[in-house]
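So the structure is just underneath, and the comments pick up after that.
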Amino acid sequence: MNRYLRYSIPLFIFAIIAAFLFKGLGLNPREIPSPLIGKPIPEFSLPTVENAETIVNKVDLNGKVYLLNVWATWCVSCRAEHETLVRLSRSGKVDIVGLNWKDERDKAQAWLRQLGDPYTINIFDKKGRTAIDLGVYGAPETFLVDSKGIIHYKHAGPMTMTLFNETLLPMIEDLKHKG
Amino acid sequence: MRVFFLTLLLIVSLPSLNAATLAEYSFENPSQGEDFRAIIEEMRCLVCQNESLAGSNAELAVDLRNEIYDMMKQGQNKDEIIEFMVSRYGDFVLYNPPLKPTTYAIWFGPLIVFLIGSVVLFRILKRKSRTQETELSAEEQQRLNNLLKQSTDNRDVNQ
Amino acid sequence: MIPELGHFALILSLCLAVTQAVVPLVGSYTRTTSWMAASRTLAWGQFVFLSISLIILTNAFLANDFSVIYVAQHGNTKLPDMYKISAVWGAHEGSLLLWAFLLAAWSVAIASFSRNLPLEMVSRVLSVMGMISIGFLLFMLLTSNPFDRTFPVPFEGGELNPMLQDLGLAIHPPMLYMGYVGFSVAFAFAIAALLGGRLDASWARWSRPWTTVAWVFLTLGIVLGSWWAYYELGWGGWWFWDPVENASFLPWLVGTALIHSLAVTEKRGAFKSWTVLLAISAFSLSLLGTFLVRSGVLTSVHSFASDPARGVFILIFLLVVIGGSLLLYTWRAPYISGGGRFDLISRETFLLGNNLLLSVFAALVLLGTLAPLIYDALELGKISVGFPWFNKMFLLTTPFLALLMGIGSLSRWKHAEPSLLVKQLRVAFVISLLFGLLSLLPVFSGGNWLVGLGMGLAMWVATAHLVNLRDRLKHKHGFAGFWVDFKSGGRSYYGMLLAHLGVAVFIVGITMVSNFGYENDVRMSPGDVSEIAGHEFLFEGVNQIAGPNYNANRGRFQVTKDGEHIATLEPEKRTYFVQTRPMTEAAIDWGFTRDLYVSLGEPLGGGDWSLRLYYKPYVRWIWLGGVLMGLGGILAITDRRYRTARVRSAEAVNTAGVAPAVSGR
């Protein structure tokens, strides 16, 4: 038996590799988890999409649990998720704050007029500096932020009702309950 | 298939390509320029398939290059820049994995593999020099010779 | 209708493959000669039907038959004919067809050139090849049929990825696959030998030329890929340690270990179980590479459009092929006899050392390639392992490899006299040490120890082999005597010399280009001059030009050195009609000791452009080294003993076919 043991080492190594490969099939190598989970959203001071004179700061957002949605008019999948966002905001289950990323103001305004405006506040990040601080690497991305401004979840890709109901809603309820 | 491809495209939209290369970055001190290039070459572009920040033309890569350039201009060093990037995007951005407890496997694993290799080598050598001479058996040699009857060069070619 | 015939031919091939896998194998146990002999016919049958499939798919591209989804995705009416043909293997489905076709081609080659092999062996080898073929054909038919139709038929095709519209990349995949698939022959020989219990020197001699051929193809395929990356991607690099590159490098490393280990097994009957393991590993890693590239588990520059369903299929395939063969190995290997004794200082020792080093290097590359996946799976976070890490591993292993290579080629089998070795290598050692130290002088590298190490090692490999050659040629006097000595070497000897000199050339190339290369990112207006490494680049401006299926901006540079005109360089930035991603076409002034390289960046307005200028000293030596290795391999295969072997066919079958298994029990 001992004799076989030595020659079975390659088989064992292969078995381990195969196990990882199997696990790997269910993972997405392009999805990058945010190191900002559990940390406060970055400081910023930016105008809104509606008005270049209105300046929004980080503290203005505190006090409520909200979704921070990064969007842009050049982004195809933002259009795909927009309807979901509008439905969510109408349901009143959660506030949605927009972060308009590297976009043009008139285009963004036209988009909202045409497709509906789900956002309570819509921040205009022309240079994308705040997006960098948020670790945004593509649009759309959605963050779940609590009333103290702490990030609890990040989703890269379009928002869906399933995602909202199954993952986000329980977290939102929990956060509202706590604070 | 096609549906899958389209969804892949839809999942994350990337900012469009933009005009910029490293030509725009000038430093008074040439060594600073080299450091700058070394840093952005070792940073992974987040939106591209597998390119460095230096090689990518994606808009985010350009923004990040600008950001790093500004930081260097302000006199921040490599560690501060790495910290800036990692705190936003995680270790994923670093082509050169940082040395910390979770990455010990990557950095010290190779030494262990090396060690195992040497141990195997020495064990085989020890065993070999102890075993008795077992040349090709006469029959084996005969068959080998018959099989591939070599007219003249039935001799060790590589000595 | 015609594409359906292609599909049908695939199904027929599958039926033949199943028969080829089963009938000859059963025949080899029941000793039914007709069943065993059928293996050759079946291999030919598969080859014919797969050729039909391949021709039909090629024709669909040439005829712009966009009713075939695969053609609609990757073909285009405006595509030049050459790229219509290379588009056949330009993406997932078609490249699989190429795999299967080449596998059939190798099988036919075995069927034809195996008259000197015992029929029993041939039938088992072809049976194993048939099993592999089943896997690939099933994979194609179940998940990736290149003949699937679409309706309504699109008017125009989606075009071959512009990156692949290039001569180098048109022939790179066939070369690479010839290598991957070729290792299936060594694999099949190993499995057949394990099955039959006959693992001896003649087994090694049979599989050796096949393995070398596969290795040559893989070597040249990798060289071609690296060269392509250099001139096509526009960033002047030649190797990025991308998962796709690693996928081809892993089988190469193990394959290199294998051809050396086979030499020991053939000459000395030693390392048998190790050689078998390497033969299994080389092909397993080829398959693993296929998985990594096509399943989407890793992010890579040029991977295929991935699909989890395909990943699941290949994983099952891997489990069956690799798991099955390693299980067989565990079962049979303990009974493989040990082989001859050798001393601590002997060629066996050095070859074993190199074998282990190559395997360790392969293990490290595998570790680095899979690390992101492993970390993700263990929920330790997302990490990237890129070129800085791999370069360190390269530096950790190659110096030892080069050192051992010099000693190994000079030492004798069984027992090498240490004092003689020292005497032989003394000069080589002193020369390379001096050369290494010299390169550290301020005029050269100014104390850059990497340069010293690289140049010293390259010199060491070169001089050690020259000493080897001198020793061979000095026995007889006069020109006639010299000629006798020269001929006594045999082609495999000169093949070895050439391949090893290739390694020296390769090391020089890497050392020079990574330590003395310059690059310059500049903004230039027409009329501007930019200087790099003593060469002045005059930018004359950019023109619009129209290609067959793209529009391009073409820049024009006049390069001068000390007032003398060196070259006119015309880099392009192309925008293809269908896939609008801009592609750079670097302009390169090739040279033996340096390349001048310009790639066009972006227009900055007012006729200004951002540009990348590179000075790449000795960069060609990297590929030259690879080509020399490949040529060395070719020379070795044409060695007499393999050629004469082929002539003496009938007789050999008679003597060997009835010979009982000697070792292995």
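The values are calculated or read from the model by the stated rules, or taken from the named source; none is laboratory data. What you are looking at is a predicted structure, and each value in this text was computed from that prediction instead of being measured. All Cβ positions, glycine included, derive from the backbone under ideal geometry; neighbour counts span all protein chains shown. In case anyone asks, the SASA skips ligands and DNA or RNA and just uses the protein heavy atoms, side chains included. Shrake-Rupley method; radii C 1.70, N 1.55, O 1.52, S 1.80 Å.
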Worksheet item: Heavy-atom accessible surface, probe 1.4 Å, ligands and DNA/RNA ignored: which residues of region A:126-141 lose at least 40 Å² versus the isolated chain?
Response: A:ARG129, A:ILE132, A:TYR137
Worksheet item: Got the relative contact order for region C:96-207 handy, in percent, Cα pairs under 8 Å and 6 or more residues apart?
Response: 44
Worksheet entry | Considering only the protein assembly as shown, percent of DSSP beta bridges that pair antiparallel, nearest 5 | 85
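Can you give the extra length, in nm with one decimal, that the chain gains between C:ILE566 and C:LYS474 once fully stretched, where that is 0.36 nm per residue apart less the Cα-Cα distance?
Extra length available between C:ILE566 and C:LYS474 comes to 28.7 nm.
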Practice prompt. May I ask you to find the residues of region C:603-620 that are shielded by at least 20 Å² of accessible area once the whole protein assembly is considered instead of their isolated chain (probe 1.4 Å)?
Written response: C:LEU604, C:SER610, C:ARG612
Worksheet item: Where does the Debye-calculated log10 I(q)/I(0) of region A:34-178 sit at q = 0.22 Å⁻¹, using only Cα point scatterers of equal weight, no solvent?
Response: -1.64
Worksheet item: Given the Cα-Cα distance of C:GLU536 and C:VAL26 and 0.36 nm per residue of separation, how much length would full extension add, in nm?
Response: 176.5 nm
Item to complete: Enumerate the residues in region A:52-68 having an amide nitrogen under 13 Å from the point lying 7 Å beyond the Cα of A:GLU43 toward its Cβ.
Response: A:57-59
Response to the item:
On the accessible surface of the protein assembly as shown, probed at 1.4 Å with all protein chains in place, carbon and sulfur together account for a percent value of 63
Worksheet item: Averaged per residue, what accessible surface does chain C expose to a 1.4 Å probe, in Å²?
Response: 36
Worksheet item: With the dipole of the protein assembly as shown worked out from charges on the C-beta (+1 for Lys and Arg, -1 for Asp and Glu) around the Cα centre, which of B:MET71, C:SER530, C:ASN448 lies farthest toward the positive end?
Response: C:ASN448
Fill in: Translational D in µm²/s for region C:123-178 (Stokes-Einstein at 25 °C, 0.890 mPa s, Kirkwood Rh from C-alpha pairs)
166
Worksheet entry | Distance in nm between pseudo-label sites at C:LEU438 and C:LEU167 (7 Å out along the Cβ direction from Cα) | 3.8
Practice prompt. Tell me, rounded to the nearest percent, the portion of alpha carbon pairs in chain C spaced more than 51 Å apart.
Written response: 15
Response to the item:
Expected sort for C:604-611, A:150-157 on mean C-beta neighbours within 10 Å, highest first, is A:150-157, C:604-611
Fill in: Isolated Cys in the protein assembly as shown, by beta carbon distance under 4.7 Å
C:CYS15
Discussion item. Less than 20 Å from a label point 7 Å out along the Cα-to-Cβ axis of B:ARG127: which backbone N atoms in region C:252-288 qualify, by residue?
Written reply: C:258, C:261-281
Fill in: P(r), alpha carbons of the protein assembly as shown - 20 Å bins starting at zero, rounded %
12, 40, 35, 12, 1, 0
Worksheet item: Can you pull the mean other chain C-beta count within 10 Å for peptide A:3-12?
Response: 6
Worksheet, complete the sentence: The aspartates and glutamates whose Cα lies under 17 Å from the Cα of A:LYS176, excluding any fewer than 8 residues away in the same chain, are A:ASP95, A:ASP146, A:GLU166
Item to complete: Using R₀ = 22 Å, calculate the FRET efficiency as 1/(1 + (r/R₀)^6) where r is the Cβ-Cβ separation of A:ASN2 and B:ILE112; round to 0.05.
Response: 0.40
Fill in: DSSP-loop GluC sites (Glu not before Pro) across region A:1-74, with at most 13 other Cβ within 10 angstrom
A:GLU43, A:GLU53
Item to complete: Run down the lysines and flag those whose C-alpha is under 22 Å from the C-alpha of B:LYS78, throwing out any fewer than 8 positions away in its chain.
Response: B:LYS100, C:LYS382, C:LYS392
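Please report the buried accessible area for the interface of C with B, total over both chains, probe 1.4 Å, in Å² to the nearest 100.
By this definition, chains C and B bury close to 6900 Å².
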Worksheet entry | Chains C and A, summed buried accessible surface - 1.4 Å probe, Å², nearest 100 | 2400
Response to the item:
quick note, region A:34-178, DSSP beta bridge pairs, % antiparallel (nearest 5) is 60
Worksheet item: With the dipole of the protein assembly as shown worked out from charges on the C-beta (+1 for Lys and Arg, -1 for Asp and Glu) around the Cα centre, which of C:PHE101, C:ALA186, C:THR265 lies farthest toward the positive end?
Response: C:THR265
Worksheet item: Using r as the Cβ-Cβ distance of A:LEU163 and C:MET1, and R0 as 35 Å, what FRET efficiency do you calculate, to the nearest 0.05?
Response: 0.15
Worksheet item: Accessible area per residue of region A:34-178 at 1.4 Å probe, in Å²?
Response: 44
Worksheet, complete the sentence: Taking the chain alone as reference and the full protein assembly as comparison, with a 1.4 Å probe on protein heavy atoms only, the residues of region C:160-209 that lose at least 20 Å² of accessible area are C:ASP200, C:ALA201, C:SER202, C:ARG205, C:TRP206
Worksheet item: For chain C, what's the relative contact order in percent, using C-alpha pairs closer than 8 Å and at least 6 residues apart?
Response: 13
Item to complete: List the accessible area buried at the contact between B and A, summed over both sides and calculated with a 1.4 Å probe, in Å² to the nearest 100.
Response: 1900
Discussion item. Charges at C-beta only: +1 for Lys and Arg, -1 for Asp and Glu. How large is the resulting dipole of the protein assembly as shown about its Cα centre, in Debye rounded to 20?
Written reply: 4840
Worksheet item: Given A:ILE13, A:PRO118, C:PRO571, which one lies farthest toward the positive end of the charge dipole of the protein assembly as shown, if we put +1 on the Cβ of every Lys and Arg and -1 on the Cβ of every Asp and Glu?
Response: A:ILE13
Practice prompt. Within 10 Å of each Cβ in peptide C:486-495, how many partner chain Cβ atoms are there on average? Round it to a whole number, please.
Written response: 3
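Averaging sequence separations of C-alpha pairs under 8 Å and six or more residues apart, then dividing by the length of chain A, give the relative contact order as a whole percent.
27
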